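Asker: Below is a structure I'd like to ask you about.
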Amino acid sequence: PKVVYDEASGRFFVLALTRHATQALSNFQLGVSVSGDPNDGWSLYEFANQLDGEGIDYEQLGFGPRGVYLTGNYIQFQGWPNPAVNHANGVWTMDKNQLTAGQNATIWFSSDLASVTGLAGTMKAAIAHTAPPAGLDGLILSFQPLTITANVVVHGVHLPVNFPASGPTFEMHY
């Protein structure tokens, strides 16, 4: 589990994974404190993170001024369907205002962000805990270990004016 305090919203966020091997399910468990005091209560969210029968590991949590970002690497658990599928990563983008208000959150999902080689990298961290450069809401770090020299790439996250009605776009920065 991960526990992170977001200074901008004044809230604590808790992230954990569940894995139900017999049901071939993998879920994110996300908790958001209702105030800056974690003893005041929590809004709890659960949603599936699998894609084509794969679950998630190496989950990460990060923030931008308007978004909350969850990242993870896909993993094929033994006995899960679609053994030929090989996704590398996933990014889940949610509206921070909806989460901190305890509302149902719109979730935008993106998979297989490309690295320098053009292949999908593995997501090692959502690193947007501080204010990102102008024009971006968040920064996502990916790592491409499939080459002799590993590549690290930072993806800038753009949120449209009408987010969360429209989803994020990602821009690769070297």
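The values are calculated or read from the model by the stated rules, or taken from the named source; none is laboratory data. The shown structure was predicted, so the numbers you read here are calculated from the model rather than taken from an experiment. Glycine gets a Cβ as well: all are built from the backbone with ideal geometry, and neighbour counts include every protein chain shown. Remember, those area values only see protein heavy atoms, side chains included, never the ligands or the DNA or RNA. Shrake-Rupley method; radii C 1.70, N 1.55, O 1.52, S 1.80 Å.
Asker: Pairs only if they're at least six apart or on different chains, beta carbon under 7 angstrom, first in the range 157-174 and aromatic (F, W, Y), second part of a loop (DSSP other than H, G, I, E, B) and open to solvent by 40 Å² or more (accessible area, probe 1.4 Å); list them, first residue then second.
Answerer: F163/R66; Y174/V116
Asker: Can you confirm whether the range 30-43 contains a residue that is without any contact (Cβ under 8 Å) to a residue 60 or more places away in the chain, assigned to a strand (DSSP E or B) and farther than 20 Å from N104 by Cα?
Answerer: no
Asker: Next question. Could you go through the range 24-43 and let me know if any residue there is within 20 Å of V154 (Cα to Cα), modelled with pLDDT of 85 or more and either open to solvent by less than 20 Å² (accessible area, probe 1.4 Å) or of a type in the set (K, R) (or both).
Answerer: There is no residue in the range 24-43 that is within 20 Å of V154 (Cα to Cα), modelled with pLDDT of 85 or more and either open to solvent by less than 20 Å² (accessible area, probe 1.4 Å) or of a type in the set (K, R) (or both).
Asker: Continuing with the same structure: For a quick check of your reading of the model, give me the residue pairs whose first member lies in the range 49-70 and is under 16 Å from T169 (Cα atoms), whose second is hydroxyl-bearing (S, T, Y), with beta-carbon atoms closer than 8 Å and at least 6 apart or on different chains.
Answerer: F63/S9; F63/Y69; G67/T93; V68/T93; Y69/T93
Asker: Quick one: F13 ticks every box in (1) in contact (Cβ under 8 Å) with a residue 24 or more places away in the chain; (2) open to solvent by 40 Å² or more (accessible area, probe 1.4 Å) except a single one, so which number is it?
Answerer: Answer for F13: the failing condition is (2).
Asker: State yes or no: is A114 of a type in the set (G, A, S), open to solvent by less than 50 Å² (accessible area, probe 1.4 Å), modelled with pLDDT under 90 and on the phi < 0 side of the Ramachandran plot?
Answerer: yes
Asker: Just name the residue that is farthest from the chain's Cα centre (by Cα) out of those in the range 77-105 that are of a type in the set (V, I, T) and at pLDDT 75 or above.
Answerer: T100
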